[in-house]
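Enquirer: Pasting in a structure now, in structure tokens, and then I'll have a few things to ask.
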Amino acid sequence: MDHDAALANITTFGVADLTRERAFYDELGWPIVFEADDFVVFELGSALFALFPLDKLAADSRAQPEPRHGGIRSSIIVTVEAPEHVDDLAGRAERAGGTVTKPPTEAEFFRGRDAYFADPERNYWEVAYSPDDNPVTAAARRAANRRS
């Protein structure tokens, strides 16, 4: 497969409480593009984010669900267009019932601004702003502008 043909643009979280998680992301203002009894998909710019019951995700993947131990293991980065958008999304996450684990601040590992929050089931997100000359930001924008 040509790497240009592959597009990783849908992330699915297996969740224990679909109703609570759906309400959290809905409260963030992320638009729902599809919903069924046990599956909900939100649009995040050029990507989609889905919630699916953990037991069904485990069955579908033929894998065992991983028990949560409370720490961070991964995060999804949401890139934003301006430093103040970091503050805005972190604030909305907290008001929606999430936990801001790193308040908005000047980034430590790149030039820009970032914050971290966890949803009610401790799935982690980083909100990051960096200038256009950041190579990761530039690559993310190129990927977002790719047409299928």
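Enquirer: Scanning for something of a type in the set (A, V, I, L, M, F, W, C), within 20 Å of SER130 (Cα to Cα) and touching a residue at least 24 places away in the same chain (Cβ under 8 Å), does the range 58-77 turn up at least one residue?
Expert: Initial filter on the range 58-77 (of a type in the set (A, V, I, L, M, F, W, C)): 58-59, 63, 72, 76-77.
From what's left, within 20 Å of SER130 (Cα to Cα): 76-77.
The next check asks that each one be touching a residue at least 24 places away in the same chain (Cβ under 8 Å); those that pass are 76-77.
Taking every residue of the range 58-77 in turn, at least one turns out to be of a type in the set (A, V, I, L, M, F, W, C), within 20 Å of SER130 (Cα to Cα) and touching a residue at least 24 places away in the same chain (Cβ under 8 Å).
Enquirer: Filter the range 114-148 for residues that are of a type in the set (Asp, Glu) and within 18 Å of the chain's Cα centre (by Cα) and give the result. Lay out the reasoning, then the answer.
Expert: Going through the range 114-148, the residues of a type in the set (Asp, Glu) turn out to be 114, 119, 121, 126, 132-133.
Passing the criteria: ASP114, ASP119, GLU121, GLU126.
So that you can scan it fast, the table gives a plain yes or no per residue for (1) within 14 Å of the chain's Cα centre (by Cα); (2) buried (at least 16 other Cβ atoms within 10 Å of the Cβ):
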residue	(1), (2)
ALA8	yes, no
ALA16	no, no
PHE24	yes, yes
ASP38	no, no
LEU48	yes, no
PHE52	no, yes
SER61	no, no
VAL78	yes, yes
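Enquirer: Residue check, PHE24 against (1) under 18 Å from ALA115 (Cα atoms); (2) without any contact (Cβ under 8 Å) to a residue 24 or more places away in the chain; (3) out of contact with any strand residue (DSSP E or B) (no Cβ under 9 Å at 6 or more places or on another chain), all met but one. Which one?
Expert: All conditions pass for PHE24, except number (2).
Enquirer: Please specify each residue of the range 32-58 satisfying the condition of being assigned to a helix (DSSP H, G or I) and touching a Ser or Thr at 6+ places or on another chain (Cβ under 6 Å).
Expert: Our first condition is that a residue be assigned to a helix (DSSP H, G or I); within the range 32-58, this holds for 54-58.
Within the range 32-58, none qualify.
Enquirer: If you don't mind, there's one more thing I want to ask. Condition first: under 23 Å from ALA8 (Cα atoms) and surrounded by 10 or more Cβ atoms within 10 Å (Cβ to Cβ). Now tell me which residues in the range 63-76 satisfy that.
Expert: Those that are under 23 Å from ALA8 (Cα atoms) and surrounded by 10 or more Cβ atoms within 10 Å (Cβ to Cβ): ALA63, PRO65, GLU66, ILE72, ARG73, SER75, ILE76.
Enquirer: How many of the residues making up the range 90-111 are among the small types (Gly, Ala, Ser) and under 20 Å from VAL15 (Cβ atoms)? Steps first, answer last, please.
Expert: Applying the first criterion (among the small types (Gly, Ala, Ser)) to the range 90-111 yields 90-91, 93, 96-98, 107.
So of that shortlist, the ones also under 20 Å from VAL15 (Cβ atoms) come out as 93, 96-98.
So the answer is 4.
Enquirer: Considering ASP114, ASP87, ASP119, ASP55, which residue is charged (D, E, K, R), closer than 21 Å to ILE10 by Cβ and modelled with pLDDT of 95 or more? Step through it out loud before you land on a result.
Expert: Numbers: ASP114 fails: closer than 21 Å to ILE10 by Cβ; ASP87 fails: closer than 21 Å to ILE10 by Cβ; ASP55 fails: modelled with pLDDT of 95 or more.
Residue meeting the stated conditions: ASP119.
The values are calculated or read from the model by the stated rules, or taken from the named source; none is laboratory data. Because the structure is predicted, anything quoted here is derived from the model rather than measured. Quick reminder, even Gly has a Cβ in these numbers, built from the backbone with ideal geometry, and neighbours come from all protein chains shown.
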